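Reviewing the structure listed below.
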Amino acid sequence: MKRVHNFSAGPATLPLSVLEKVQNELIDYKGKGASIIEMSHRSPEYTEVNRQAVERLKEITGADDDWEILFLQGGASSQFMMAPHNFLNTERIANYIDTGTWSAKAIKEAKLYGKVHTSFSGKEGAYSHIPTNDELSFADGAIYTHFTSNNTVAGTQFPSEPKSNAPLVCDASSDFLSRPLDLEKYGLIYAGAQKNVGPAGVTVVMIRKSFLEKQRPEAIPTILNYKTHVEKLFNTPPVFAVYMVNYVLEWIQEKGGLSYFEKFSNQKSDLIYSEIDQDEFYRGTVEKDARSKMNVTFRLPSEELEKKFITEAASQNLMNLKGHRSVGGVRASIYNACEMESVKALVDFMSDFKTKNG
C-alpha cells in the first residue's frame, strides 16, 4: 500500500487508523449485513452514530447543555448565508472582521440580509496581518461579531479569540479542534469537516441555545432555520460523512484531546517555519505573529523555482504543495492527521532543495 505525504488544504489527509476501520466496516456494518450508507438515517444504527458524534464533540470542546450540535450540508459557504439569514435584518447590525478570502465572502452574503460593520480589513495589506484587539472597532448594539479563525489562502491565524462587544460567530473550518476554545465568548461556531474533522460533505455547527433565542423575528425558510435542525432530524443527513466524523472524534479523544493537538500543531509548524527563517531563500508570506499553525505559506526566489520545487517534491511523494490559485507560491497544510514524519520529510526536502538551487 502506498501512502504519500499529503499536504492538501482540503479535502485533507485523514487518520490511517480511521480509514482502516471504515474500510473493514464498509460492506458489513457491525454484523448487520449492510453498509451504514445503505441504512435509513432514522435507523437505530445511524441514530447511535449521530448520538456518539454529538457526545464526543461536546466532551472534546467542553460544551455544556446550552450548546446544540448539528451536522448540516452545504459546506461553510452555506453558513456565510445561513448565519446572517437567521440573525440579521434591515434593523440589525453585525460586526465582521475581514482577514481573508473566506471572511470577505461571508461579508458579501451578510450584506444581503442586514447591516454590516467592518471591524477591520486586511485587504490592502494582502491579508498578511491579523489585527490586535486595539485595531478592532465595533458597532453599538451589534448582534454578533463574525471572524474566520484561520485563513487557508493567506496562511494566517488568530492567536486567540478577538475581544468583542457581542457574541462571536466563527468560521473555524481550517483550525477546528486543533486547539482549545473559550466557548464562553461564542454564540455560533461552524466548520467544514474536510480539514481536521472528517471528509467533505458535512459541516459541523455548534450553536448556543441562548444565542439562538436572539433569532430575527421574520419568517425563515424551513431548511435554513437553525431551530428546524435543533428540534429534529429534518432531512437526510450526509450519513457517511457523519459516520466518519464520529470515528475521527474518537481518534482525537484517544490521542489526548485538544491540548495534545495544540502542542502537536506547534511542533510541526515550528519545524517548517524554522527552515523558512534560516535565510532569504524561503520567504514567509505573512507577518510572523500572524502565522498559521495549519497552513504554512511561503515563496521562493522566483516562480520558476517554485514550479520546480513543487514538481520535485511530488517526485518524492510530497504532494499538494501548490499555493492557492489566487496567490500562488507554496502551501503546506498540516492539519491534525498530518504526521510528524511527513513534516520532517518536507523540511529535509526543503533543506536539500535549497542546497542544490540556492
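The values are calculated or read from the model by the stated rules, or taken from the named source; none is laboratory data. Computed from a prediction, not measured in an experiment: that's the story for all the values here. In this analysis, Cβ positions are derived from the backbone assuming ideal geometry, glycine residues included, and neighbour counts consider all displayed protein chains. Note: areas computed on protein heavy atoms with side chains; ligands, DNA, RNA excluded. Shrake-Rupley method; radii C 1.70, N 1.55, O 1.52, S 1.80 Å.
Considering each of His129, His117 in turn, give the residue that is in contact with a strand residue (DSSP E or B) (Cβ under 8 Å, 6 or more places away or on another chain), surrounded by fewer than 24 Cβ atoms within 10 Å (Cβ to Cβ), free of Cβ contacts under 8 Å to residues at least 40 places away in the same chain and not aromatic (Phe, Trp, Tyr).
His117 is the lone residue from the list that is in contact with a strand residue (DSSP E or B) (Cβ under 8 Å, 6 or more places away or on another chain), surrounded by fewer than 24 Cβ atoms within 10 Å (Cβ to Cβ), free of Cβ contacts under 8 Å to residues at least 40 places away in the same chain and not aromatic (Phe, Trp, Tyr).
Is segment 97-109 home to any residue that is open to solvent by less than 40 Å² (accessible area, probe 1.4 Å), in contact (Cβ under 8 Å) with a residue 12 or more places away in the chain and part of a strand (DSSP E or B)?
For segment 97-109, residues open to solvent by less than 40 Å² (accessible area, probe 1.4 Å), in contact (Cβ under 8 Å) with a residue 12 or more places away in the chain and part of a strand (DSSP E or B): present.
Kindly list, by first and then second residue, each pair from a residue in segment 260-279 that is without any contact (Cβ under 8 Å) to a residue 40 or more places away in the chain to a residue that is open to solvent by 60 Å² or more (accessible area, probe 1.4 Å), limited to pairs with Cβ atoms under 7 Å and residues at least 6 apart or on different chains.
Qualifying pairs under 7 Å: Asn266/Lys293.
State yes or no: is Lys214 at pLDDT below 95 and farther than 30 Å from Pro15 by Cβ?
Judged against the criteria, Lys214 is not a match.
Do we find a residue being over 18 Å from the mean Cα position of the chain (by Cα), within 25 Å of Phe147 (Cβ to Cβ) and in contact (Cβ under 8 Å) with a residue 12 or more places away in the chain anywhere in segment 230-250?
yes
Which residues, taken from segment 281-318, are surrounded by fewer than 17 Cβ atoms within 10 Å (Cβ to Cβ), under 19 Å from Val153 (Cα atoms) and without any contact (Cβ under 8 Å) to a residue 60 or more places away in the chain?
Arg283, Lys288, Glu303, Lys307
Given the structure, is Asn225 closer than 30 Å to Tyr113 by Cα, touching a residue at least 24 places away in the same chain (Cβ under 8 Å) and crowded, with 17+ Cβ neighbours inside 10 Å?
Yes; evaluated as a whole, the condition is true for this residue.
If Arg179 passes every condition in (1) out of contact with any Phe, Trp or Tyr (no Cβ under 9 Å at 6 or more places or on another chain); (2) surrounded by fewer than 24 Cβ atoms within 10 Å (Cβ to Cβ) but one, which one does it miss?
(1)
So which pairs qualify, if the first residue must be in segment 336-358 and charged (D, E, K, R), the second must be part of a helix (DSSP H, G or I) and surrounded by 14 or more Cβ atoms within 10 Å (Cβ to Cβ), the Cβ gap must be under 8 Å, and the two must be at least 6 apart or on different chains?
From segment 336-358, the pairs are Lys344/Leu271.
State all residues of segment 317-348 that are modelled with pLDDT of 95 or more and of a type in the set (A, V, I, L, M); if no residue qualifies, say none.
Selection gives Leu318, Met319, Leu321, Val330, Ala332, Ile334, Ala337, Met340, Val343, Ala345, Leu346, Val347.
Can you find a residue in segment 265-274 that is open to solvent by 10 Å² or more (accessible area, probe 1.4 Å), modelled with pLDDT under 95, of a type in the set (S, T, N, Q) and within 21 Å of the chain's Cα centre (by Cα)?
No, because not a single residue in segment 265-274 is open to solvent by 10 Å² or more (accessible area, probe 1.4 Å), modelled with pLDDT under 95, of a type in the set (S, T, N, Q) and within 21 Å of the chain's Cα centre (by Cα).
Rundown of residues vs (1) out of contact with any helix residue (DSSP H, G or I) (no Cβ under 6 Å at 6 or more places or on another chain); (2) open to solvent by less than 30 Å² (accessible area, probe 1.4 Å); (3) aliphatic (A, V, I, L, M); (4) touching a residue at least 40 places away in the same chain (Cβ under 8 Å), yes/no style:
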residue: Pro15; (1), (2), (3), (4): no, yes, no, yes
residue: Asn24; (1), (2), (3), (4): yes, no, no, no
residue: Ala34; (1), (2), (3), (4): yes, yes, yes, no
residue: Thr47; (1), (2), (3), (4): yes, no, no, no
residue: Asn86; (1), (2), (3), (4): no, yes, no, yes
residue: Glu91; (1), (2), (3), (4): yes, no, no, no
